[in-house]
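The values are calculated or read from the model by the stated rules, or taken from the named source; none is laboratory data. Keep in mind that what you see is a predicted model, and the values were worked out from it rather than measured. Every residue, glycine among them, receives a Cβ derived from its backbone with ideal geometry; neighbour counts consider all protein chains shown.
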Amino acid sequence: MTQTWSTLATERPAQFGYWRELICAAFLALTPESDLRDGFAGTVTQWPLGALSLARIDSQRQRVRRTTQDIARAPRTGYYANLQLSGTSEMRQGGRATVLRPGDLAVVDTGEPFAFDFGDDFRQLSFFVPGPLLSAQLPGRVRTATRIGTGGGVGAAVRHALQALPSLPPESAARLAVHACGMLAVALDSPEPPAGRGGRRSHALAVADIEEHLADDDLSPAASARRLGISVRALHGLFAGRERSYAATVRRLRLEQAFRDLQDPARSRLRVIDVAADAGFADVTSFHRAFRREYGRTPAEVRIRSGRGDGARG
């Protein structure tokens, strides 16, 4: 049975909080963030297709992550193939990053951390495929966060199939969904584009890896280099001559996440020490010192000024 969830029937101040609950119910455990707090429009329509499913998402600018904590809390084995219908998005997983424009398609693995960035209003189709159903049709690992063009060939066939599914009777749609999975496997089993070792793209992939694993206890140059398939020396070379080194980039991104969490009403019950831990800081004292140096205020002062708490919970 088709299901639809929408924030529009919720009071404006509570809409983004409801969106958090909504997408977890419709998809899987995720961590969305947005600066749109006084009103947030989002609608998800989902069509069950046997063991598979299709969802259409209409929403506004936001960042959506599946963190290691999300995976531990609600593991699910499978893949989402996202077809961009309007707006743009950036998808990051496993050291890869790709930008999707209308008509583009890419896949993420639900068993590994990933991140989506939507810079403005957008519409996507999101096609869920159980892990074994897709991986059994491929000779190697499923290539995630890699753009699949749908202007012609098998990519176009996948796009047409996904767009046709909502208009079909349930039994026909379920049969077509299985064929769409097979065509998706063929589209993924094409030669991989060159990785691009130098310049802006490689730096962007290194930053994307940091963002995906920001809360990991073992985030380090060695871990990032291993995932990117380069040496630690080459990794540090990607940051040479830039505003921030690898370590400074990690620290800045963790501080930015903590700052957002301190202003987030959905996280107002967390103690400052928990906010620091969720952002990847192992030592709360160094967190307080770095936070004040970066923002000129203490974490408690940021929380008080945002009206999200009394600031006393450290």
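Before moving on, here are some points about what is shown:
- Qualifying residues in region 77-119 (those that are among the basic types (Lys, Arg) and either modelled with pLDDT under 90 or in contact with a strand residue (DSSP E or B) (Cβ under 8 Å, 6 or more places away or on another chain) (or both)) - the one farthest from residue 217 (Cα to Cα): 101
- Residue that is touching a residue at least 12 places away in the same chain (Cβ under 8 Å) and either small (Gly, Ala, Ser) or touching a Phe, Trp or Tyr at 6+ places or on another chain (Cβ under 6 Å) (or both), where the choices are 158, 108, 99: 108
- Some residue of region 167-187 being at pLDDT 95 or above, surrounded by fewer than 16 Cβ atoms within 10 Å (Cβ to Cβ) and among the polar types (S, T, N, Q): yes
- The set of residues in region 284-302 being more than 13 Å from residue 273 (Cβ to Cβ) and of a type in the set (A, V, I, L, M, F, W, C) consists of 290, 302.
- Selection within region 32-44 - within 19 Å of the chain's Cα centre (by Cα) and surrounded by fewer than 21 Cβ atoms within 10 Å (Cβ to Cβ): 32, 33, 34, 35, 36, 41, 43
- Residue within region 58-65 that is over 19 Å from residue 208 (Cα atoms), assigned by TED's automatic domain parsing to the domain that holds residue 130, modelled with pLDDT of 90 or more and surrounded by fewer than 18 Cβ atoms within 10 Å (Cβ to Cβ) present: yes
- The criterion of at least 1 residues that are farther than 30 Å from residue 282 by Cβ is met by the following helices (runs of 4 or more DSSP H) wholly inside region 126-235: 131-135, 153-164, 170-188, 199-212.
- Residue match in region 99-108 (condition: in a strand (DSSP E or B) and not aliphatic (A, V, I, L, M)): no
- Any hit, region 11-26, residues being touching a helix residue (DSSP H, G or I) at 6+ places or on another chain (Cβ under 7 Å) and at positive phi: no
- Taking the criterion of being within 29 Å of residue 33 (Cα to Cα), out of contact with any Ser or Thr (no Cβ under 9 Å at 6 or more places or on another chain) and of a type in the set (Ser, Thr, Tyr), the residues of region 224-264 that qualify are 224, 245, 249.
- Whichever residue in region 162-186 is among the small types (Gly, Ala, Ser) and closer than 20 Å to residue 131 by Cβ and, among such residues, is nearest to the chain's Cα centre (by Cα): 185
- Subset of region 188-213 that is at pLDDT 50 or above and small (Gly, Ala, Ser) - its residue that is farthest from residue 236 (Cα to Cα): 190
- There is no residue in region 207-214 that is exposed (fewer than 15 other Cβ atoms within 10 Å of the Cβ) and charged (D, E, K, R).
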